[in-house]
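Quick note: the coordinates plus some simple rules give every number you see, no bench work behind them. Since we're looking at a predicted model, the values are computed, not measured. Every residue, glycine as well, gets a Cβ built from its backbone with ideal geometry; the counts of neighbours run over all protein chains shown.
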Number of protein chains: 2
Amino acid sequence: MLDDQIGIDPGAVEEALRTLAGFGGYGESGVWRVAYSPEWLAAQEQVETWCSEAGLEVRRDAVGNVWGRFEGSEPGGVVATGSHIDSQTPGGWFDGALGVVSAFLAVKALAERYGQPRRTLEVVSLCEEEASRFHSAQFWGSRAITGEVRERDLSDVRDADGVTIGEAMAAVGLDPTRYREARRDDVDVFVELHIEQGPRLEEAGYSVGIVDGITGIRHYVIELGGRSDHAGARPMIGRRDPMPGVAEIVLGAIGNALAMGAPAVTTVGRMAVEPNIPAAVPDRVIFTVDARHPDPAQQERLFASHESMFARVAAERGLDLATRVVLDLPPAPCDPGLVETFEAAAAEQGVPTMRMHSGAAHDTQRMSKIARTVMVFVRSKDGRSHTPDEFTSTRDAVDGIRVLAAGLRRLAY
Amino acid sequence: MLDDQIGIDPGAVEEALRTLAGFGGYGESGVWRVAYSPEWLAAQEQVETWCSEAGLEVRRDAVGNVWGRFEGSEPGGVVATGSHIDSQTPGGWFDGALGVVSAFLAVKALAERYGQPRRTLEVVSLCEEEASRFHSAQFWGSRAITGEVRERDLSDVRDADGVTIGEAMAAVGLDPTRYREARRDDVDVFVELHIEQGPRLEEAGYSVGIVDGITGIRHYVIELGGRSDHAGARPMIGRRDPMPGVAEIVLGAIGNALAMGAPAVTTVGRMAVEPNIPAAVPDRVIFTVDARHPDPAQQERLFASHESMFARVAAERGLDLATRVVLDLPPAPCDPGLVETFEAAAAEQGVPTMRMHSGAAHDTQRMSKIARTVMVFVRSKDGRSHTPDEFTSTRDAVDGIRVLAAGLRRLAY
């Protein structure tokens, strides 16, 4: 075990983030870089250039993930680290990009200081995580690596203009029919550094968190139907107005999460009213309920309380209820040994850390199907993300990268 | 006073409604006939033909209302009757159209049986009531008659494609700059027959109602702002989520109307969520509250209870509240003498009636600025309107037309 301190140049972190933000720059502090766009391609090419310059063996896989490989001296599974290169529309400079930059800078620092590792190290810049262009892509890049892409996804997954993800891949020079070649079965460890996207590190006064699990997520699409009526000619008594039913479900779902207490969360983020006319009682309202809990048993309790409440409200109000589950990601616990390894690495670097779960979904969730995983979270200012206002200080980023590098050193050297 | 029974041919009612429904027909039982469209023009030309054939003096005024005049033998204000020719998108066969057909058939029946009236009778087919094409038209036809159209409305009032109402008028051969010529100051009485659009006549077992007043209506547009956050990374505590505030206001507003009791009504019919993403706490929600009461004092109580509730919910939840009143129509009482005249006319014809208010807005509301008014309501099946499903039986329509004709006879002969 090498116990000396790892130095990361703050200027290099800032310059790399600024360079990436130049591809799809949006205003002063935003980016708009969706998968398979020209700016996305330019950003991936930049990552390739960086990796080449650092002496890594570079390749772009069949779906466009970029890998930089530093071959180990001994056999054994790969230790990989990275995050995603695509952004929200618009997003900020840090979500995804910081993990790519950190992976590269950490491996570069290790290579420069310690030379060849025992275990092969790889840096990866994943092609699609946000689903900001392809809403049903569901972690396209990591899903291809874990072998979960299905052939029909190439034509079924479309952007808002109707372009299929296969067509979009072809437009940046990839052969979509070769997607199976992106699959990996030789990755032993996957580590992702990411901004927290929430306020917990800031509130607790830590720059870095070690993630012991990723929340389970269920998205319900709920349709509550009644009967449209004239807003003036139909008295209150006798209406089959879905709107107060929706209101009761909103308060009920949020109330269930509050009653269960943290880390349960529930959000109603999308709503469509039909016919959406001020002077008409709605015919139906379609809305989403996003419910999350990192603990499998507690998650089931949360979902059950939601589902019985949906049914009760609809029955009591005589409304038609249709509930669809459109996303159902089980909780993905991180590897306890890796959590301890990274906590020890952080302690060795003098970086105090907090152990925490991730309330957001990440590529790591997919990667946990084929590898042991862990995540390193870095403090987000005001807990903001998915906006040009998201911010992480260079000082905090450097803390995170030092923890990442020190953990990788423990695993690969 | 002539006390004999007035006969109306059911076949003529059905044929006239079917003929009108052919202009802009939509499916089996619907119409889609917005103001100043080709089908609207054809319908107005049909009304002109009918009036000419009945010996009425026909003219189309400056904004496209069609008038058919039967000159009286004595001087004095005009006794006018009619309704609107435009429809919802789609609407049914009866809303507006039944009032136009009834006006024509009633005056025709009186002319055939009793010849020239003492007082001048006019039939009117108003050009625009539904605001289904021009959302801010606010009773364009009757507003032109009462002198409430402003010059800037010609360019400010636009349809969804950006066409101004002035351009639309020009497209059907009207000179929009002459809108002032539509003004009338010689109308003494305006009577409108209309479908009820609600369930009260049906529930009480009457075919016809005599309307003693039209409800006051206020439309609020409410913007409730919080802070968008990641649906997973931001714990429940610390969110500034506008959605539960919206839910509380929906339940509060509907609860206020229920607590006050009929005829108070309140409806939340339109809602827009921003950014409207399932996995994001909304930044803000914009929605409408439509509140109505026919009694001026009670209306003020209802509005005050709504407004204090909006403020309380926003304050308690730390949300930003912006409230705009975008429509504010005061209650329009009908003329008590006319109400009694039409009740007596109905009794004379052996048609039992119910005295009631209108919960819907009507051109009559505008016409009350320049004339004494009353309305005759005809039973709606299941209280439906603004849909191809709206239905009024021919038998009920004939009852209404007989009451209309008998009332006009009392006023004009």
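Label-to-label distance, B:Glu53 versus B:Ala111, with points set 7 angstrom from Cα along the beta-carbon direction: 1.2 nm. Placing +1 on the Cβ of every Lys and Arg and -1 on the Cβ of every Asp and Glu, with no other charges, gives the protein assembly as shown a dipole of roughly 920 debye about its Cα centre.
Of the residues B:Phe134, B:Leu327, B:Met367, the one whose Cα sits farthest toward the positive end of the charge dipole of chain B, with +1 on the Cβ of Lys and Arg and -1 on the Cβ of Asp and Glu, is B:Leu327. Contact order, relative form, for chain B: 23 percent (alpha carbon pairs under 8 Å, 6 or more residues apart, mean separation divided by residue count). Using bins of 5 Å that start at zero, the share of Cα-Cα pairs per bin across segment B:33-91 amounts to 4, 17, 24, 24, 15, 9, 5, 2, 0, in whole %.
What 222 nm value per residue comes from the helices of the protein assembly as shown, counting each DSSP H run with n ≥ 4 as -39,500 (n - 2.57) and dividing by all residues, nearest 500 deg cm²/dmol?
For the protein assembly as shown, the value works out to -11000 deg cm²/dmol.
Extension gain, A:Lys369-A:Glu71: 0.36 nm per intervening residue step, less the Cα-Cα distance, totals 104.9 nm. Charged neighbours of B:Gly383, selected by a Cβ distance under 14 Å, balance to -2 (K, R count +1; D, E count -1).
Cross-link partners of A:Lys108 among lysines, defined as those whose alpha carbon lies under 30 angstrom from its own and excluding same-chain residues fewer than eight positions apart: A:Lys369, A:Lys381.
Once the Cβ-Cβ distance of B:Asp185 and A:Ile237 is raised to the sixth power relative to R0 = 60 Å, the FRET efficiency obtained is 0.90.
Only Lys, Arg, Asp and Glu carry charge here, each on its Cβ (+1 for the first two, -1 for the last two); on that basis segment A:255-406 has a dipole of about 40 debye about its Cα centre.
Counted over the protein assembly as shown with a bin width of 20 Å, the fraction of Cα pairs per bin, in whole percents, is 15, 36, 24, 18, 7, 1. If I build a Gaussian network model for chain B, linking alpha-carbon pairs within less than 10 angstrom, which residue out of B:His135, B:His306, B:His362 has the largest mean-square fluctuation? Evaluated over chain B, the most mobile residue of the options is B:His135.
Roughly how crowded by other chains is peptide A:384-390, in terms of the mean Cβ count from those chains within 10 Å of each of its Cβ atoms? Write out the running numbers ahead of the final one.
Working: counts 6, 6, 9, 6, 0, 1, 1.
Across A:384-390, the average partner-chain Cβ count within 10 Å equals 4.
Ranking B:Gly27, B:Gly76, B:Thr267 by how far each Cα lies toward the positive end of the dipole of chain B (charges on Cβ) leaves B:Thr267 at the top. Using a 7 Å offset from Cα along Cα-Cβ at B:Arg118, what residues in segment B:63-81 end up with backbone N under 15 Å from the label point? Counting backbone N atoms under 15 Å from the label point, the list is B:72-79.
If you put +1 on each Lys and Arg Cβ and -1 on each Asp and Glu Cβ, how big is the dipole of chain B around its Cα centre, in Debye rounded to 20? Intermediate values should be presented prior to the final figure.
On the way: 42 positive and 61 negative charges, 184 e Å.
Here chain B has a charge dipole of around 880 debye.
The angle between the Cα long axis of helix A:336-348 and the main principal axis of chain A comes to about 60°, on a 0 to 90 degree scale.
How large is the translational diffusion coefficient of segment B:77-186 in µm² per second when you combine the Kirkwood radius over alpha carbon pairs with Stokes-Einstein at 25 °C and 0.890 mPa s?
160
If you run the Gaussian network model on chain A, springs between alpha carbon atoms under 10 Å, then out of A:Ala106, A:Ala332, A:Ala347 the most flexible one is A:Ala347. Computed from the Cβ-Cβ distance with R0 of 25 Å, the FRET efficiency linking A:Arg312 to A:Ala262 stands at 0.50. The residue in chain A that lies nearest, by its beta carbon, to the axis linking chain A with chain B is given here with the distance in whole angstrom as A:Ala247, 2. Count Lys and Arg as plus one, Asp and Glu as minus one, and take only other residues whose Cβ is under 13 Å from that of A:Arg180; the net charge is then -2.
Computed FRET efficiency, Cβ-Cβ of A:Ser155 and A:Ala42, R0 35 Å: what is it to the nearest 0.05?
Values: r = 27 Å, r/R0 = 0.76.
E(calc), rounded to 0.05, equals 0.85.
Note the angle between two axes, namely the Cα long axis of helix A:242-260 and the longest principal axis of the Cα atoms of chain A, as a number of degrees from 0 to 90, rounded to the nearest 10. The helix A:242-260 is inclined about 40 degrees to chain A.
How long is the gain from B:Val221 to B:Glu300 if the chain were fully straight, where each residue apart is worth 0.36 nm and the alpha carbon distance is subtracted? Walk me through the numbers before you get to the answer.
Working: separation 79, 0.36 × 79 = 28.44 nm, distance 1.76 nm.
Residue separation times 0.36 nm, minus the Cα-Cα distance, leaves 26.7 nm.
Between 0 and 90 degrees, the angle of helix B:38-53 with respect to the longest Cα principal axis of chain B falls at about 20 degrees. GNM remark for chain A: springs join alpha carbons under 10 Å apart, and the peak mean-square fluctuation among A:Ile195, A:Ile85, A:Ile222 falls on A:Ile222. Ordered from longest to shortest, the equivalent ellipsoid semi-axes for segment A:263-413 are 41, 19, 12 Å, each the square root of 5 times a Cα gyration tensor eigenvalue.
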